[in-house]
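A short write-up of the structure that comes next.
The values are calculated or read from the model by the stated rules, or taken from the named source; none is laboratory data. Given the structure is predicted, the values throughout are model-derived calculations rather than measurements. Reconstructed Cβ throughout: ideal geometry from the backbone, glycine too, with neighbour counts over all protein chains shown.
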Amino acid sequence: MACATQGVQGMISLRYGDNNVISIDGNAVKMRRHYVQTVAGSTIAAEVKIELQNNETIWLTPADGSGVFSNNWLGVLMSPKGSVVVSEMRPLICVPLK
């Protein structure tokens, strides 16, 4: 099996009030569940896990590029691929709408 990376740019929107994530292609995907997780003694204050109806998962950590905690979030969108234990991981940078 050969693997390759491919860059994709776009924007997703987290809409907690509607319990939806709007994907890069504009489709709404329902959130199955979401929660905040903290680890005692960790330098990371908290992280958010959002599980979607299509089995994708979003992990977000509240930090900006310099590692200083802020309103910016860094994370990844993980997409499981059929019948093998492989995930496509796409980096995310999240900022609140103004």
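A quick yes/no check of all residues on (1) surrounded by fewer than 12 Cβ atoms within 10 Å (Cβ to Cβ); (2) modelled with pLDDT of 80 or more; (3) among the charged types (D, E, K, R):
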position: 6; (1), (2), (3): yes, no, no
position: 14; (1), (2), (3): no, yes, no
position: 22; (1), (2), (3): no, yes, no
position: 31; (1), (2), (3): no, yes, no
position: 45; (1), (2), (3): no, no, no
position: 57; (1), (2), (3): no, yes, no
Condition first: modelled with pLDDT of 70 or more and farther than 14 Å from residue 52 by Cα. Now tell me which residues in segment 64-80 satisfy that. 71, 72, 73, 74, 75
Does residue 26 count as modelled with pLDDT of 75 or more, assigned to a loop (DSSP other than H, G, I, E, B) and small (Gly, Ala, Ser)? yes
